[in-house]
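> Attaching a single structure in structure tokens format; questions to follow.
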Amino acid sequence: MGGEERAPQAPSWESYSGAMRAFVLGNELLAFALELAVFAFAAWWALSLDLGLGARLAIGVAAFLAIAAFWGAFAAPKAPVRLPVYGVLLVKAVVFGAGALALWAVGQPTAAAAFGVLVVANTGLVTAIRAGRSR
């Protein structure tokens, strides 16, 4: 790491054209939306707890910071810790699993299951697209 700089990587959709480019771009945007949804679900869960408002806000902020730190350190495109693909997938499973559990905990089991299915499909496509691009 000392002094090494990674060359910036072009977004994955720039490698494609036409309908495939639109599909890849849409899938990347969906991935980002799912990542943001985890924060919303964690906040919803924290605010639904049977505690005082101050405690709920503190738990919500702590959950937000924990998710952001974990994702940023290991799964973000510019993460300081570079994990192999299976490591990044494990981090994503933990974070997205926490999001699904938060939905379940607020009484939304169907939404939690739908979120889980959407995450698995999207993450599989993103991973396959990125793997095909790096060859």
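> Looking at this structure, is ALA69 under 24 Å from LEU30 (Cβ atoms), exposed (fewer than 13 other Cβ atoms within 10 Å of the Cβ), out of contact with any Lys or Arg (no Cβ under 8 Å at 6 or more places or on another chain) and not charged (D, E, K, R)? Can you show your working first?
On the way: under 24 Å from LEU30 (Cβ atoms): yes; exposed (fewer than 13 other Cβ atoms within 10 Å of the Cβ): yes; out of contact with any Lys or Arg (no Cβ under 8 Å at 6 or more places or on another chain): yes; not charged (D, E, K, R): yes.
Judged against the criteria, ALA69 is a match.
> Please work out which residue is modelled with the lowest pLDDT, limiting yourself to the stretch 10-35 and to residues that are in a loop (DSSP other than H, G, I, E, B) and touching a helix residue (DSSP H, G or I) at 6+ places or on another chain (Cβ under 9 Å).
Quick first cut of the stretch 10-35, residues in a loop (DSSP other than H, G, I, E, B) only: 10-11, 16-17.
Of the ones still in play, those that are also touching a helix residue (DSSP H, G or I) at 6+ places or on another chain (Cβ under 9 Å) are 11, 16.
Numbers: PRO11: 56, TYR16: 71.
So, considering only residues that are in a loop (DSSP other than H, G, I, E, B) and touching a helix residue (DSSP H, G or I) at 6+ places or on another chain (Cβ under 9 Å), the one modelled with the lowest pLDDT is PRO11.
The values are calculated or read from the model by the stated rules, or taken from the named source; none is laboratory data. Values in this document were obtained by computation on a predicted structure and should not be read as measured data. A quick note on method: Cβ atoms are made from the backbone with ideal geometry, for glycine too, and the neighbour counts reach across all protein chains shown.
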